[in-house]
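One structure below.
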Amino acid sequence: QVQLVESGGGLMQAGGSLRLSCAASGRTFSNYRMGWFRQAPGKEREFVAAISWNSWNSGNTYYADSVKGRFTISRDNAKNTVYLLMNSLKPEDTAVYYCAAGRRPGAYSPESYDYWGLGTQVTVSS
């Protein structure tokens, strides 16, 4: 199993930056693909970014078109932590952001992830 705890959310003006962290613990962590999803009120949970399990230190990355060029996913093996750096924030980025771990194919699909954090709120004001 993998246990995930997100942190770093908060309130930010449009154009600002936040860095989310996801602290991971548990068994076989290095074999899991890590992803970030978000869910706004009344909306479905949507893919944001993912980093593959090919190597903890050099995994492939994937981004939703809506965040590409603004957000960066990374991981720190020594700290067992995944990050999401969010630059140039927009009001439409407002959502609860969830860290997730999965092993099944389908990096863009919530259904392919087995473990989820409880989420951290990101609110971007215009």
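Points worth noting:
- Applying the set (1) touching a strand residue (DSSP E or B) at 6+ places or on another chain (Cβ under 9 Å); (2) touching a residue at least 24 places away in the same chain (Cβ under 8 Å); (3) within 20 Å of L4 (Cα to Cα); (4) of a type outside the set (G, A, S) to T61 leaves exactly one unmet item: (2).
- Y98 being in contact (Cβ under 8 Å) with a residue 12 or more places away in the chain, open to solvent by less than 60 Å² (accessible area, probe 1.4 Å) and more than 16 Å from Q39 (Cα to Cα): no
- Considering residues of the range 55-71 that are open to solvent by less than 60 Å² (accessible area, probe 1.4 Å) and of a type in the set (G, A, S) only, the residue nearest to T123 (Cα to Cα): A64
- Number of the exception - I51 against (1) without any contact (Cβ under 8 Å) to a residue 12 or more places away in the chain; (2) buried (at least 22 other Cβ atoms within 10 Å of the Cβ): (1)
- Output for the range 1-49, where each listed residue is outside any strand (DSSP E or B) and aromatic (F, W, Y): F29, Y32
- The set of residues in the range 72-87 that are loosely packed, with under 14 Cβ neighbours inside 10 Å and of a type outside the set (A, V, I, L, M) comprises D76, N77, K79.
The values are calculated or read from the model by the stated rules, or taken from the named source; none is laboratory data. Treat the numbers as computed from the prediction; the structure is a model and nothing was measured. Cβ: placed from backbone, ideal geometry, glycine included. Neighbour counts: every protein chain shown. We work out accessible area using only protein heavy atoms, side chains counted, and drop any ligands, DNA or RNA first. Shrake-Rupley method; radii C 1.70, N 1.55, O 1.52, S 1.80 Å.
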